[in-house]
Each structure stands twice: as structure tokens, then as C-alpha cells.
Amino acid sequence: MPVLMSVLMHGTSVPRVVKSTRESRSSRPPKRGGVVVPLSVDKRYREFAAAFSFAGGTTPVAQSEHQTDEMIGLYTATKKSQVDALADDSKYYSAHIGSITSADQLLNDDRLRNYVYSAYGIDQSKWPRDTISQVLRSDPSDPNSYVNTTFASQLNGLKAQLAQAQSDVSAANSKIADYTAQLSQPGANVTQLKVQILVEKHHLESYATNISSLSDQIATINGFVDLAGAFEFSPDGSLPSGVFAQTAANVTITKQRFDDSKAAVYSAASPLNEAFAIRQFRTALLTVNSVDAFISTPDVYVFALGAVGLDPKEVSQATIKAVLESDLSDPKSYVHTLKDDRYVQLARAFNFDAKGNLTTPLVAQDAAEVLEITRDYVISAVKSASTASPQQQAAVRAQATKDATDYQEAIAGIDSVSDLLANRPMVDFILLAKGLDPRKVSTDFLKKIFASNLNDPKSFANTQSDLRFADIAASFNFDSKGNVARLPMMGPQQQDQFRETQANYLQQSLEQQQGDTNPGVRLALYFQRKAGDITSAYDILADKALSEVFRTTFNLPDQMAAMPIDQQAKFVDKFMKIKDLSDPAKVAKLLNRFSAMYDIKTSQSIGQGQSPLLSLFQGSSSGVSESTFLAIAKLRSRP
């Protein structure tokens, strides 16, 4: 449970965090106990820079650290699942081979047939089923059986050809060695010798190809002979009465041959080889800067395809290139036409654009936004414990920092709105960071928020009285279907940066416009904007405008500003609870009081109706009256 949720359960208000790209620094650094207290460096410049993403926000990389970790985890899981699948195949074979009564029944069972073919080295793409059926019905001890007359009878000739090819290789190697030695002899015809060497090397290539072909043919025939001897089927494909398809000894031999045929799978899954492959992948990945580099880097290419369960020998590089250059957010893109989730997994695991160049990682939240929300959460936690003992405050901060770290790790694994909303602790973390009470926000409500079109002012999110929900939705990179996507930039800004800049402009324009007719209005609106960022009495005292609101609200003399800073802070803590400044309703109540006290102090309300300052904050639970919203609307309508 997030630390702020724990605070909530004990009845403490949840902090509200309001961000702004402008800060008022109208006062000099205050003195604390006679010592000048330096204020933080003006952060308006930092926030102004953070409001734009001229460099795209995140550095383009083939994989982010999270993507690499995910791929390695997937690789390990895939290798384990492949070994487990082989074990399951062997169990299935043991359990069902005893019930087979004919050769056709064996071949009709896909799992049994594939198992036997693998064990005896049979390529289904090369040999028709009828051929294998006749082999199964053959008796190797009968010279007139199908397997002997069709295949075994070729063995002597093939072996003789193999022996001759091997002899030719030996002779060619001898000639090459002899010609090479002659090159260094006086008077040697170097040109002619080099030609002869090239001829013999060409012969070597031909002989090697011939040897490989002959060896494969011999191995296939031997496999057919062994297959025929491993089963007890009669020439018509049936089994004699009381006879099983295989003897116990032959079942054991078949299973051993199957395991031998899968030696590469078992080897890849061994801890030693797996660790080596992972190490090679991490190292080689650093050199990948394009799709072409990915394809031409075996330690990355083979590893990545293996991680998602694809065989590099069975998939063309052209297919993989098209997959990696596909737009995952487009249902008509190439990767989706394959109708195979393995290709989608591969495309998601790497960051390439339509031209095969590096792009930014596909993430639910950009790093800057994650940092912002975790910072807001920690600040809110600290504020919620403002009245606690120093030891308790330290514990709260430590727990909040841990919660923030957990969020940073968890958000990397979010691929959709569904993923996010299914993780309620993460949702609560976000709401608390925004100063919202999770107990009052349902998952169904948030579904509607995330389903809203943020560019439509009439959408569900944009018509809520509390626009923090729209801000939350804007901070994520979800497309209209709720999946993580690379959302288009709004010029040099992302959508959340654009919304924040616009909101800040409207807020501060309102402050200036309303303040031109009533300085008290400007002070009240400024205090309302800054309230969420106040974490201690010193934040108020360090700001001339905030201090004035405080003194006016509680009818304290202006001379109080001349007191030592620590004494002033005690007055703030006495009259005001800092944690209440995270609650919009309590801020509105405080500003109602300020409005009344300001009017009395400046004698604006004498002999008049209710002042515009007082009406600004009365009758509105959000802290801003209907007339103020009208002013905002006018600002929005300006060209």
C-alpha cells in the first residue's frame, strides 16, 4: 500500500500538487535566526526547458534497459518452455504408442508422427506420407521388402561414391600443397601455378558439396532402415494379434534418438550456454544502430529471434526487416498482417522507425513524466506528515522514496490502459501524487478518462470540474485503443507539455487581468496556484505575495515581517496547517477568509455590495467561482 494511502486510511488529508512553469520570486531571501537563508536557484528556467522536447525527449536506442531485461527474461523463459515441451512430447509418446494398432493410426496422430520423424531424421517437406507408411510396414530382414529394394539397395553405391569423393578431396589437397610449395622454387611459373591452385580449390568445393549430399542420403536411408526395424507393423500396416507397435527396447531407443535430435535445444537451455548467449547479446547490442546492423549481427539476431520462439533458419531476413520497420499502432502494417504474435513481440522489443533507423523506446510514460510524478508523490508524502515527529517524517520520506522506485520499475512494464488499471497500487500512486483521494475514484471512472479524446473540449475528461484527471491521461502515451504508442508531437511539445503550458498561460493571464482591477484578486489567485507547492512555513515566508496573503487572512500586522524567520514560521504553523493546502476545498475556505479580511483592510466593501474578490471564491467547491471560469473562457476564445 502506498505510504500516502496509509495516511489516508488514518484520516489525514491527501496532498495536492499543482505544477507551474512560472514562479514568483518577488522577495529577498529571508533570515532564519539572523542568518540569511538562500533560496533555491530560480527554477523557472529549468521548468521552461522541461516544457519542450526539441530533442525528442528520450535518446533513440535499439533497446532500453527495460527492453533488454525483458528480452533476456523472455529468452530464458522460451528456452525453458522448449525443453519442457520436449519432455511433454516424450511423455505423450510413452503414454500413447502402446495403443497404436496400425501404421496409418500412427501417422494420423500429429504429435506421434512428428516425434517419430524427428527421432529418425525424416524431413516431412521432402518425403510423402505414403513413402513413410511403406517404410513402417517393411521388414529390414526381408531382402524383398520395400525399404530394402527401394532404399537399402542404394547404400553400397552411395558409399562407394562417398569414398571416391573423399579420396578426391585428399588428392586435391595434396595437389594444392604441392603447387603452393613450387611457388617458392626458382624459375617457377607463378601465374600457371596460381591458376592450378584456384582450379583445385574449385574442385574441393565441388567435392565437399558432393560429400555433404552423399552423407545426407546415406543417413536418410539408414534412418529409414532403422525406422522399419523399430516397429512391428505387418506389410498391410496392421499389427499381429497381441503385438504392440514397438517393443519396450525400441520405445527406449526411439526416445533416445528423439532427445539426440534435439541436442541443440537442450544445449542452448543449459545454464552455461544461456549465460554465454546473454553476455554476447548484451555486448553486441551496443553496436546495433539500424535494422541492417541488427540483421547482420548474429549474436543479436539469433538471440532475439530465439527469445520470441522464431527459428532463424525458417524465417527470411527480409521478413524480419519488414517486421521491425512496421508501425505497431497501425493495424494494417506488415507485422499485423502476419497474424503471429511472435513477430509483434519482436517488433515491440526494438526501437526502429519506418526507415530502419533508431527511434525512442515505446513506453507508457516518458522518463521526464515518470520523474515528475514520483517527485510529486514524495513531496505529497512529506507534506502529509508535516505535523509528525522528525523520526516519523523520516520514515514517511523513506517509504515514499521506496514507493517511487517501485513505480519507476513497474511503469516500464505497462503496455496498455488495461495493464495500468489492473494494477491498483500504481493507480493509487498516481492519484495520490496528483493530490486525489483514491478511495473516491473508481476504475470505471478512470476507464472513461483514458478513453477520452483530449483534443475534444467536450470529451469526458475535459468536461470534468477537476482537470487533474485529464492531466493524468495526457501524461501517458496511450493511443485511441488504449495501447502504448508513439504519439505525435504538437510542434516541439508532447501533449502533456502543451496542455500544461496552455493552462499556465491562462492561469497567469487571469491573475494579471483580474489583478489589474483588484490587486487582492491577483494575490488570491496566485496563492491558489502556489498552494500545492508549499511544503513548509518557510515556503510562505520566502515569498512576499504568499506572506501578504497569510498575514491578511489572519489579521497579522505587516511589521511581523521584521521578526526573526524562525519566529515567523511558528506563527504560520500556529494559524495554518500546511497539509491543508493540498485540499482544494480548504484552500478555497482560506481564501474566502482572505477575501473578507482584504476587503475590510482596504475598505473596499464598505457601502458596496459583495466585492468581486469575495465572490471569486464563494460558492465553488473547486476554489474558483463561475465568474472566474467565464474570464478563463474569454481568454481561451482570444486568437
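The values are calculated or read from the model by the stated rules, or taken from the named source; none is laboratory data. Computed from a prediction, not measured in an experiment: that's the story for all the values here. As a convention, Cβ positions derive from the backbone with ideal geometry for all residues, glycine included, and neighbour counts pool all protein chains shown. Accessible surface areas use protein heavy atoms only, side chains included; no ligands, DNA or RNA. Shrake-Rupley method; radii C 1.70, N 1.55, O 1.52, S 1.80 Å.
Values computed for the structure shown
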| read-out | value |
| --- | --- |
| Any hit, the stretch 477-485, residues being farther than 16 Å from Val363 by Cα, at pLDDT below 90 and part of a loop (DSSP other than H, G, I, E, B) | no |
| Test: residue in the stretch 107-127 that is touching a helix residue (DSSP H, G or I) at 6+ places or on another chain (Cβ under 7 Å), basic (Lys, Arg), modelled with pLDDT of 95 or more and within 30 Å of Leu86 (Cβ to Cβ) | yes |
| Qualifying residue in the stretch 46-64 (condition: at pLDDT below 95, of a type in the set (Ser, Thr, Tyr), under 30 Å from Leu324 (Cα atoms) and touching a strand residue (DSSP E or B) at 6+ places or on another chain (Cβ under 8 Å)) | yes |
| Test result for Asp428, in contact with a strand residue (DSSP E or B) (Cβ under 9 Å, 6 or more places away or on another chain) and over 17 Å from Ala474 (Cβ atoms) | no |
| Candidates Ala349, Ala304 - the one that is in contact (Cβ under 8 Å) with a residue 24 or more places away in the chain, among the hydrophobic types (A, V, I, L, M, F, W, C), closer than 22 Å to Phe476 by Cβ and open to solvent by less than 30 Å² (accessible area, probe 1.4 Å) | Ala349 |
| Selection status of Val344, in contact with a Pro (Cβ under 6 Å, 6 or more places away or on another chain), surrounded by 15 or more Cβ atoms within 10 Å (Cβ to Cβ), on the phi < 0 side of the Ramachandran plot and without any contact (Cβ under 8 Å) to a residue 60 or more places away in the chain | no |
| Residue list for the stretch 543-588, restricted to those being open to solvent by 20 Å² or more (accessible area, probe 1.4 Å) and not in a helix (DSSP H, G or I) | Phe554, Asn555, Leu556, Pro557, Met563, Pro564, Lys577, Asp583 |
| Residue that is nearest to the chain's Cα centre (by Cα), among those in the stretch 180-239 that are of a type in the set (Phe, Trp, Tyr) and open to solvent by less than 40 Å² (accessible area, probe 1.4 Å) | Phe224 |
| Residue list for the stretch 248-260, filter: in contact (Cβ under 8 Å) with a residue 40 or more places away in the chain and either buried (at least 17 other Cβ atoms within 10 Å of the Cβ) or touching a strand residue (DSSP E or B) at 6+ places or on another chain (Cβ under 6 Å) (or both) | Val251, Thr254, Lys255, Arg257, Phe258 |
| Candidate set: the stretch 261-286, residues that are open to solvent by 70 Å² or more (accessible area, probe 1.4 Å) and in contact (Cβ under 8 Å) with a residue 12 or more places away in the chain; chosen: the one nearest to Ser118 (Cα to Cα) | Tyr266 |
| Filter result for Tyr334 (among the aromatic types (Phe, Trp, Tyr), open to solvent by 50 Å² or more (accessible area, probe 1.4 Å) and in contact (Cβ under 8 Å) with a residue 40 or more places away in the chain) | no |
